[in-house]
Each structure stands twice: as structure tokens, then as C-alpha cells.
Amino acid sequence: MSTDNTAPRLRQAEQDLSAVRAALINRAFHPGEGWRTDGRLFGWILDCREVALAADLLPAVSRLLYELLAPFRPQAVVGTGMSGAPLVGALVLESTRRGDLLDGILVRERPKAYGRRRQLEGPLPPPGSAVAVVDDLESSGATAGWVVETVSQHGLRPVVVVTLVRFDSIARDDRAHDDVPRRYLFTLSELGIAESGEEVAAPQVRWRLGGVNGGDDVPFSRPARDGDLVIFGSNRGQLHAVDLSGCLRWRVPLGDPDAPSPTHCTPLFTPHGIVIGSDDGVLRCVERSTGRLRWATLCAERIGAGLADDGTGHIVVPVTQMPHAGALLRVCSSDGTVSWRRPLSGYAHARPAVVTTKAVLASDNSGTVTAFPMGDEQQPYWRRALDAPVKADLVVDDTGTCYCADFDGVLTTLDVADGAIRWRRRLGRCLYTAPLVADGNVYVAGDGHLFAVERRSGRLAWVAPVGPWARGAISRLADGTIAVGCSDGSVRFISPTGRPIGLFRTGGAVMSGATALTGDCVIVSSADGHVYALHPRPQKP
């Protein structure tokens, strides 16, 4: 090969790799799709045929795979089924283009029952000839191993197995049990996709506080922190205050001490005190230092969603009204006076997002996002109907984009000025965590996975496995580690590149998510009755 031809080929290979990688992530990866043989859904599926059969990508795929097999100097390329057949054809054409002719061979699952009754179709080379086996994906090695065994039984000599993608769990060894070398374009981790079931270290428990929650009602009140004080509510109807080391400062009942009202609302720090809503529909403000009640206002039948400070001495409060309605209230944080009430189209499950001192965005169980004026005007600025309920908190970034995670698994971005959709991305079966915007990405978790999505384009950056039914808040530590709480009682720690690095199991569901306690520690509330402070790395001996 001449030196003059090497540089263009390297540039072409770099362009091809970039294009194929992007397509595998954004075209072939389908979260929440694909069926197991036992009838259960996969958490995700990587359908490489959506890349291998795409007219704009097959030339790049064939060039890249040819570079992998060429050093082994095969006389033919072999594949099987819906995945291998198109790649065999593409590699035959690529070899023709390069002047190094390779014949193609297709392997049937069993010999044909009529005609020539062959199991190997195509121009067979002489016995002992070297052949390359090609497939789109190698997850367990079973299919490739079967093809290697079958062609060997027909007198051919497999010298390499080439694939687009190979699972990390089998990619640690470049040879399988058949001792045939493996070559591949990417591992799952190189695509930013982490395999489920990967063993990770147990995080360090900095401290735990017991007796917080109890009974069958799963707690949804997320801990909130301001300076050296951490506040959290409980399904036992108490509001707790601890310092950063977990020492109790004070604890007060919400309402009647003999029958306090449970809370699933996350506390809000304001200049006038700590405000929290509860299941009796009462909004309360207590003193920061002692927990003594400053004021209480009956707002509705139930307050279960998060509260928002509008920056003008008022709190925006989403409430639930039976049987199927909700409302948004604006309440003075100094004395609890309600300045206005705006109806919603359904239950209010999510914390609203304050855009400016003039507007607030609210969502409801009907799937409607509404922009309300902060003043006395009753007419909304705009409404946007989405396809599913929005039960995750709304988040607005510094570019005027609102991120809405809905119950159908779609992440939608809206222009806060007029409600226009900027982009949408389907990410699975449901999304129930508040989006987290950081480092050019937006992070959101759903049923079994944490997704990192490029905030400007909506393209998937990576995906990592977490526990089932992740909800509440996602927390990010100083080093970029992401913490996610799940309904199976686990707290998962994911690296900034999507690699699972820590797993802690509590004794009950963690449905309120995780809150950053310090730069390297998170705090979570569990249905096992405890609140935990966790560091993602195990303690050094």
C-alpha cells in the first residue's frame, strides 16, 4: 500500500466509525422494546439491522468490517440469518471494489429439505479454505460459535469472527471457546451502553437515621439541604431536621401531634422559614432553627407535589382536588396568604418551574403543560398538550428550554416563550424522574435505565442500567457521578460516561430520588424507615 493512499483511507475510516457509532446509538438502540422468549419485555434492544440495512450506512459498515477481516486473508465470508446475510452481500461487493475477490456463503439453520438439500449455500471453496464469519452482534457467542462449528463440519477453516458490536462480558477475551479470533467495531461500553447485571462496589454508608418512615405507604418526600441543615418529611407525619453528620436538630409533627398528617412533599427553604405541604391539604411554614410553626394555610384536599419559590416572596403550590382535578396556588411565604388560584386539567404530580418573576410553568396528569402569568392575569400565556401525563418535575435551563419527562417514556423540550416543541426523544416505557441538566447533557431515568441525552440535539449520548421504576430526583456529585434511587430499594451510582460504579440496597423502595448532601455524598429516604447518607466509593481499608 502506498503512503499516498494511507492517509485518505484513515480519514475515511474515522468518518465511517463516527457515522456508524452515532447510528447504532440513535437508530439501533431501542429502550423498552423487544420481547424475550418467555414473553417478558427486554429493558432495551440493539437492532443492528436498522444500521446494516440502511442505504446511507451499509457502505461504511462494509468498509469497516472488511478492514477487520482482511489481515486474516479469508477466501470467503460466511453469515447466517437476517443479520449475517446482508453483511455477507455487502462484503462481497466491497471485496470486488478492492480487487480482492471474496465469495459469499450463507448458512441455513438446517439443511434444506428439497432441491440440493444443502445447509451451506453459495460457491463453496475447496476443503480447508480459510473463511471469515460475519454477524451484526455477538452477545453470548452462541450464534457465532454455532456457525464456526457448522462450517468446520463442512471442511472449511474459520479464521476470524467479525461483528459490529460485541458485549463487554464476552469481549474481555478476543477468542471464544472455539479458539477463533474475534474482531469487532465496538463494545457496548464504547457505545455508552452498559450491560445489566454488572458487578459493582458497595458504596460507603456515612450515616443512617432510623424511625423516619413506617407502614405500607411508600415515602416520596425528598430530603432538602440548605447550608449545614438537611430537612425531610415522612409518611409518619413528621418533619425532621439534621446536620450534615446526621445528628438530629429537631423533629416536629405536621398537624395534630396525636394524629399527624403524612407528607410526600419535598420541603422548601425560604427566607421566612421552611415550607412543606401534607396529605391534609395544609401548607405549613416552620422556623429554621427550632421547627416552631409560623403559619398554616388550608390550600386543598392534598398537597403531594414539590413547591417552587418564585423569587418575589411567594411560593407556587400545586395541589390536588377530588375527584380528578388539580390547581396551582400562589402563596405569600411570610404569612401564608393565597394571592391567586389557577385551575389545572388534572392532578398535579410535579413541581412547577419558575421561568421568571412573570411566569411559571405547571404540568398535570392530563399531559398538559401550561404557562401561567405570575400577576393577576388569569389567561395563560400558552398551553401545550403532550401525549402522556407528566409526573416528573419540570426543569428549565438557562437557554429558555423546559424539559418535560412523560409517562410514555418521551422526553420533550419546549420553548418557554411560546410552548413550541424544540425536540422530542422516546427513551423507554415511562419516565418518572426530574430531568437533570449538566455538562451539555440532560439526564433522566425511567423503568430500568438512566439516559444521557445531548441537551441541544436530543441525540442519545449513553444509557446505563439502573433498578426498576426510578423516580424522584437524580443527583449529581462534584466529580460528575450520577445517583439514582429505585423502587427495588437500590441506590445506583453511575460514572459520567455511563458506567455503573456503585450499588447500595436499602430494605425498602427509594421513590423520592437522591439529594446531594455534600460534593461527594448523597442522602436518600427509604421505605425501610431509614434515611441514608451514601458515598459512591467503598471505604478504604
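Side notes on the structure shown:
- Top-ranked residue of the range 117-139 - restricted to ones that are part of a loop (DSSP other than H, G, I, E, B) and of a type in the set (D, E, K, R), ranked as nearest to TYR184 (Cα to Cα): ARG118
- Strands (runs of 3 or more DSSP E) (entirely within the range 36-116) containing at least 1 residues that are over 20 Å from VAL147 (Cβ atoms) and touching a residue at least 12 places away in the same chain (Cβ under 8 Å): 44-46
- Contact map, the range 292-313: residues that are in contact (Cβ under 8 Å) with a residue 12 or more places away in the chain and under 19 Å from SER339 (Cβ atoms) paired with residues that are β-branched (Val, Ile, Thr) and part of a loop (DSSP other than H, G, I, E, B), Cβ distance under 7 Å, separation 6+ or inter-chain. Pairs shown: ASP310/THR357; GLY311/THR357; THR312/THR357.
- The range 117-142 residues that are closer than 16 Å to GLY104 by Cβ, paired with ones that are among the charged types (D, E, K, R) and part of a strand (DSSP E or B) (beta carbon under 8 Å, 6 or more apart): GLY122/ASP103; PRO123/ASP103; PRO125/ASP103; SER129/ARG157; ALA130/ARG157; VAL131/ARG157
- Filtered residue count, the range 390-406, keeping only those that are among the β-branched types (Val, Ile, Thr) and in a strand (DSSP E or B): 3
- Residue within the range 297-305 that is closer than 25 Å to VAL369 by Cβ and among the basic types (Lys, Arg) present: yes
- Any hit, the range 516-524, residues being in contact (Cβ under 8 Å) with a residue 60 or more places away in the chain and within 14 Å of ALA470 (Cβ to Cβ): yes
- Hits in the range 455-476 - residues which are among the basic types (Lys, Arg) and more than 14 Å from GLY498 (Cα to Cα): ARG455, ARG456, ARG459, ARG471
- Among residues of the range 510-526 being part of a loop (DSSP other than H, G, I, E, B) and surrounded by 23 or more Cβ atoms within 10 Å (Cβ to Cβ), the one that is farthest from the chain's Cα centre (by Cα) is SER526.
- For the range 318-337, the criterion of being in a strand (DSSP E or B), touching a Cys at 6+ places or on another chain (Cβ under 6 Å) and crowded, with 16+ Cβ neighbours inside 10 Å is met by at least one residue.
- In the range 374-392, the residues that are surrounded by 12 or more Cβ atoms within 10 Å (Cβ to Cβ) reach residues that are among the β-branched types (Val, Ile, Thr) and assigned to a loop (DSSP other than H, G, I, E, B) with C-beta atoms within less than 8 angstrom, at least six apart or across chains, in these pairs: MET374/THR312; MET374/THR357.
- Pair list, Cβ under 9 Å, 6 or more apart: the range 493-510 residue without any contact (Cβ under 8 Å) to a residue 40 or more places away in the chain and under 20 Å from TYR532 (Cα atoms), other residue of a type in the set (Phe, Trp, Tyr) and surrounded by 18 or more Cβ atoms within 10 Å (Cβ to Cβ): THR506/TYR532; VAL510/TYR532
- Lone unmet requirement of (1) over 19 Å from ALA353 (Cβ atoms); (2) assigned to a strand (DSSP E or B); (3) at pLDDT 90 or above; (4) among the small types (Gly, Ala, Ser) for GLY502: (3)
- The range 498-528: number of residues that are of a type in the set (Lys, Arg) and over 21 Å from TRP462 (Cβ atoms): 1
- The range 247-276 - residue that is modelled with pLDDT under 95 and among the small types (Gly, Ala, Ser) and, of those, surrounded by the fewest Cβ atoms within 10 Å (Cβ to Cβ): ALA259
Let's see how each residue does on (1) in contact with a Cys (Cβ under 6 Å, 6 or more places away or on another chain); (2) at pLDDT 95 or above; (3) in a strand (DSSP E or B):
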site: ASP408; (1), (2), (3): no, no, no
site: LEU411; (1), (2), (3): no, yes, yes
site: LEU414; (1), (2), (3): yes, yes, yes
site: GLY419; (1), (2), (3): no, yes, no
site: ARG422; (1), (2), (3): no, yes, yes
site: PHE451; (1), (2), (3): no, no, yes
site: ALA464; (1), (2), (3): no, no, yes
site: ALA478; (1), (2), (3): no, no, no
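The values are calculated or read from the model by the stated rules, or taken from the named source; none is laboratory data. Nothing here was measured: the structure is a model prediction, and the numbers come from that model. A quick note on method: Cβ atoms are made from the backbone with ideal geometry, for glycine too, and the neighbour counts reach across all protein chains shown.
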